[in-house]
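Q: Could you have a look at this structure, given as structure tokens, before my questions?
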Amino acid sequence: MCGIVGILAGMNGARPHVDALERMAGALHHRGPDGYGYYVDGPIGLGHARLSIIDLATGDQPIHNEDRSVWVTFNGEIFNYIELREQLRAQGHRFYTTSDTEVIVHLYEQHGEQFVEHLNGQFAIALWDARAQRLVLARDRVGIRPLFYARSKHRFLFASEAKALFAEGSIAAALDHRALGETLTYWAPLPGRSAFAGVSSLPPGTVLTLDSGGERLTRYWDWDFGAAEARPTRPADAYAEELRALLTDAVRLQLRADVPVGAYLSGGLDSSAVTALVREIKSVPVRAFSLLFDDPEFDEREYQSSVADHVGVVRSTLVCGPAAIGAAFPRAVWHAEATIVRTAPVPLMLLSALVRQSGYKVVLTGEGADEVFAGYDLFREAKVRRWVARHPDSAWRSRLIERLYPYLQHSPVRGRAFSQQFFAQGHEQLDRPSYSHLPRWATTQRAWQFFNADLRAELAPLDAAADLEATLPPAIGGWSPLARDQYLEAQTLLSGYLLSSQGDRMSMANSVEGRFPYLDHRLIEFACRLPARLKLAGLREKWLLKRAVKDLLPAAVLKRPKQPYRAPDSQSFVADGNVLDYVAELLSPGRIRDAGYFDPEAVGRLTEKCVSGRAIGFGDNMSFVGILSTMLLHELYVRRRPLSAFG
């Protein structure tokens, strides 16, 4: 796990210098504190900041092939590198390291740009073919590891994080207004866009090639539900057995490291099953790390303890309250490089610090299971909304609605009249591919009311549903409703927010690598082929996954309703009846007006609502956190104020 940087000079561009690469790599020290490496030859300059996990002795990058004509700088892990290395040796390739990185250059020699199709891993790769004068950038299938690029003065720059592009010196940071509007709708910009104007994000599952033929952007993998079976053709136990074998092998591969590997344990099904499988595979006690909250609405310690006792783990815990979240929020935004609408990333950043302090660089997590096996409330909610639309007079509608959101103190279905109105809306859009996500986007997009008049006018043409639907595969219309819902979730929330702002950026803030067994592409492809009813059976989420791991976990964990990970939001920024000092400064009318995104009076009213404790709904909380994080992003990157200015 590392940070990568690079510069490719054009015909009229100045040749790269090591000092520029050093500035870029230095900005990624948190991603790679164990050493730096550089390669400069003609138009190309590659740099690497290393977090050593595999081949501690000889794995320094950039790495080359036998005749030094192919070079690579790489961020991530190739989990099947041992098997690939043996295949390549049998084909005559010679290795000078035992690292997973070196298989990449030899795979490229063997398969050309299709080398990525042979990788099982999470990666961002920059490969230089000196003979062909070709640069190849590649990102893993689901977007676990980040890769950004920009153009400046006849040069093409790329890096693991945008801050490294700005460190090169020729690009000034400015927020992309459209990306801001998209984030305050989908929770993240659509694939290909970043928070910054002129800075692109390489989409998941994509290869970008630059050579004498120009630029080519190729999608080599996507979530494909086209082969899904309409009804089960095998007994449920046969599907469960195959799922168990795939998940076990994914965990086995992702345990490969030359340093200790721990696990995150939330107390939910997903992380508990991974932790139990680690224990089963390693046959020794597992080191697990858990978050605790003082507020019982967010806390899951009862279930964490149950799993720990049942499986046999050594557990380290971190108690996280509103004060700690408020204090650490600026640092989280600096690492996220994005507007964020929830505070949930912050406790995970603090937990990764505990992981690092405990002597661990790698943790396995349960992230991805909800997208792959339909675990979110959104999937159940959409199913209920579709059923209500087709049975408007049924006496069952109230009982179905009341089964949702049992974990929320202020549940949207607590009030009978409100819930009936909520689930009756949007029926005229029932056949749209984006139907499932329209209520979420509408709730998040309430933040648009806080934009100033100029920005509202600029963003008015943006149509959230239509813009996203234009990017969907043509075949999506033939998929099941659940498949459409899952695809939308994977394309928006998963890669853009959960694996980025809440994932890679928060763990790498403390030089910790997160690994995601549920996002092994073999497991995703298996789940995409499953009949929908084996994932969401009635309103029972992740039905087949529970069946596959039922012998590993306590009954209480298997039977508990899904409780998504959340953290205190606007209340984290209020103490003794006032907002925190840095919040008061950033949300002051003068600062809001100078930044040019929001309306000072509207923001003031929202701030007062939060201070008085009246901001209890998702819309108000997301608006407040989104506005504050945008202002921090502006201060840290556009105005270039040091992080230390915020405490």
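Q: Would you mind computing, in nm to one decimal, how far apart the modelled labels at Ala245 and Ala645 are, each placed 7 Å from Cα along Cα→Cβ?
A: The answer from the label model is 5.9 nm.
Q: Val346: net charge of surrounding residues, Cβ under 13 Å, Lys/Arg +1, Asp/Glu -1, itself excluded?
A: Neighbourhood net charge equals +3.
Q: For a protection proxy built on the mean count of beta-carbon atoms within 10 angstrom, sort 539-545, 351-357 highest first, please.
A: 539-545, 351-357
Q: Separate question: What is the order of Cys320, Cys2, Cys528, fewest Cβ neighbours within 10 Å to most?
A: Going from sparsest to densest Cβ surroundings: Cys528, Cys320, Cys2.
Q: Further question: Rounded to the nearest 20 debye, what is the charge dipole size of region 570-646 about its Cα centre when +1 sits on each Lys and Arg Cβ and -1 on each Asp and Glu Cβ?
A: Charge dipole, region 570-646, about its Cα centre: 180 debye, nearest 20.
Q: Please order Met24, Met11 by the number of other Cβ within 10 Å, starting at the fewest.
A: Met11, Met24
Q: Within region 427-469, find all residues whose amide N lies under 19 Å from a label point positioned 7 Å from the Cα of Asp295 along Cα-to-beta-carbon.
A: Only 444 pass the distance filter.
Q: Using a Förster radius of 30 Å, what is the FRET efficiency between Asp258 and Ala90 based on their Cβ-Cβ separation? Nearest 0.05, please.
A: 0.80
Q: Further question on the same structure: Evaluate E = 1/(1 + (r/R0)^6) for Arg68 and Arg356, where r is the Cβ-Cβ distance and R0 equals 25 Å; express this FRET efficiency to the nearest 0.05.
A: Efficiency, rounded to the nearest 0.05: 0.10.
Q: I've got another one for you. Could you pull out every residue, at least 5 positions away or on a different chain, whose amide H is within less than 5 Å of the one on Phe289? Hs are placed 1.01 Å off N in the peptide plane, and Pro or chain starts have none.
A: Ala263, Tyr264, Leu265, Ser316
Q: Between Arg216 and Ala475, what length comes free when the chain is fully extended (0.36 nm per residue of separation minus the Cα-Cα distance, one decimal in nm)?
A: The Arg216-Ala475 span can extend by a further 90.9 nm.
Q: Just to verify a number: FRET efficiency for Glu601 and Ala172, C-beta to C-beta distance, R0 = 25 Å, to 0.05?
A: 0.25
Q: So, one more: Could you list, bin by bin from short to long, the percent of Cα-Cα pairs of the chain in 20 Å steps?
A: 19, 55, 25, 1
Q: What distance in nm separates the two pseudo spin-label positions at His391 and Asp309, each 7 Å out from Cα along the beta-carbon direction?
A: 4.0
Q: Something else: Going Cα to Cα from Lys153, which aspartates and glutamates come in below 18 Å? Please leave out same-chain ones fewer than 8 positions away.
A: Straight-distance partners of Lys153: Asp19, Glu168, Asp211, Glu215.
Q: Between region 543-574 and region 591-611, what is the C-alpha centre distance in whole Å?
A: 36
Q: Next question, about the same structure. Do any of Lys383/Lys546; Lys282/Lys361; Lys542/Lys609; Lys282/Lys550; Lys282/Lys542; Lys282/Lys546 go past 29 Å between their Cα atoms, and which?
A: Lys542/Lys609
Q: Tell me, how many Å apart are the Cα centres for region 462-526 and for region 82-113?
A: Cα centroid of region 462-526 versus Cα centroid of region 82-113: 30 Å apart.
Q: Quick check: pseudo-label points 7 Å beyond the Cα along Cα→Cβ at Ala197 and Asp454, how many nm apart are they?
A: Output for this residue pair reads 1.1 nm.
Q: Just report the Cα centroid separation between region 118-150 and region 190-235, whole Å.
A: With region 118-150 and region 190-235 each reduced to a Cα centre, they are spaced 13 Å.
Q: Right, here's the next one. Could you size up the charge dipole of the chain around its Cα centre, putting +1 on the beta carbon of Lys and Arg and -1 on that of Asp and Glu, and report it in debye to the nearest 20?
A: The calculated dipole for the chain is roughly 1080 debye.
Q: Of the options His154, Pro62, Leu552, report the single residue whose Cα projects farthest towards the positive end of the charge dipole of the chain (beta-carbon charges: Lys, Arg +1; Asp, Glu -1).
A: With unit charges placed on the Cβ atoms, the residue in question is Leu552.
Q: For region 529-603, what is the charge dipole size about the Cα centre, in debye to the nearest 20, if Lys and Arg each add +1 at the Cβ and Asp and Glu each add -1 at the Cβ?
A: In total the dipole reaches around 1400 debye.
Q: Which value at 222 nm does the chain reach when only helices count, each DSSP H run of 4 or more adding -39,500 (n - 2.57), with the total divided by all residues and rounded to the nearest 500 deg cm²/dmol?
A: One gets -11000 deg cm²/dmol as the mean residue ellipticity at 222 nm.
Q: Next question. Once the dipole of the chain is set up with Lys and Arg at +1 and Asp and Glu at -1 on Cβ about the Cα centre, which of Leu243, Ile44, Ala453 lies farthest towards its positive end?
A: My answer, from the dipole projection, is Leu243.
Q: Among 104-110, 122-128, how do they line up from the highest to the lowest mean number of other beta-carbon atoms within 10 Å?
A: 122-128, 104-110
Q: Also: Full-extension gain between Glu22 and Gln114, please, as 0.36 nm times their residue separation minus the C-alpha to C-alpha distance.
A: Contour length minus Cα-Cα distance gives 30.0 nm.
None of the figures in this text is laboratory data; all of them are computed from the coordinates on show. From a predicted model like this one, the values you see are computed outputs, not experimental measurements. No Cβ is skipped: glycine too gets one built from the backbone with ideal geometry, and neighbour counts run over all protein chains shown.
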